[in-house]
Amino acid sequence: QVQLVESGGGLVQVGGSLRLSCVASGSFFSINVMGWYRQAPGKQRELVASISRGGSTTYADSVKGRSTISRDYAKNTVYLQMNSLKPEDTAAYYCNVGIRNQDYWGQGTQVTVSS
């Protein structure tokens, strides 16, 4: 019984910024890992960024240096701040959480970057 709701996607111009949010709700204990994946048309889903319970972060090379992932433990929420957006960032972004060795996925939020 875990629900993930993403928000923050939309249409932005090249060089713009946005912050994606994902709220986990339901009945569960602590969340181990929270992350963001994305899938562009014709491509496989790929990891964008993740953050562990201990705060260790991982970023895709394509977003490193212009993105920051963070989490609010009390609110069971993970954020992805993305700056200097590029057309290559256009994709459906999916929230993923790991709870008790199980993965849960949100339904996605669309990010479109245009010039």
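The values are calculated or read from the model by the stated rules, or taken from the named source; none is laboratory data. Computed from a predicted model, the values in this text were never measured in an experiment. Cβ atoms come from the backbone with ideal geometry, glycine included; neighbour counts cover every protein chain shown. Side chains included, ligands, DNA and RNA excluded: accessible areas come from the protein's heavy atoms. Shrake-Rupley method; radii C 1.70, N 1.55, O 1.52, S 1.80 Å.
Quick check on my filter: what residues within the stretch 73-104 are farther than 26 Å from residue 42 by Cβ, modelled with pLDDT under 95 and surrounded by fewer than 17 Cβ atoms within 10 Å (Cβ to Cβ)?
Result: 73, 74, 75, 98, 100, 101, 102.
Run residue 111 past the list (1) outside any loop (DSSP other than H, G, I, E, B); (2) closer than 16 Å to residue 4 by Cβ and report the number of the one that doesn't hold.
Just one mismatch for residue 111, condition (2).
Does residue 62 count as assigned to a loop (DSSP other than H, G, I, E, B) and either open to solvent by less than 50 Å² (accessible area, probe 1.4 Å) or among the small types (Gly, Ala, Ser) (or both)?
For residue 62, the condition - assigned to a loop (DSSP other than H, G, I, E, B) and either open to solvent by less than 50 Å² (accessible area, probe 1.4 Å) or among the small types (Gly, Ala, Ser) (or both) - is met.
I'd like to verify a number: residues in the stretch 20-59 that are open to solvent by less than 50 Å² (accessible area, probe 1.4 Å), out of contact with any Leu (no Cβ under 9 Å at 6 or more places or on another chain) and among the aromatic types (Phe, Trp, Tyr), how many?
1
Inspect the stretch 2-16 for any residue being at positive phi, assigned to a loop (DSSP other than H, G, I, E, B), open to solvent by less than 60 Å² (accessible area, probe 1.4 Å) and touching a strand residue (DSSP E or B) at 6+ places or on another chain (Cβ under 8 Å) and give the result as yes or no.
Checked the stretch 2-16: at least one residue is at positive phi, assigned to a loop (DSSP other than H, G, I, E, B), open to solvent by less than 60 Å² (accessible area, probe 1.4 Å) and touching a strand residue (DSSP E or B) at 6+ places or on another chain (Cβ under 8 Å).
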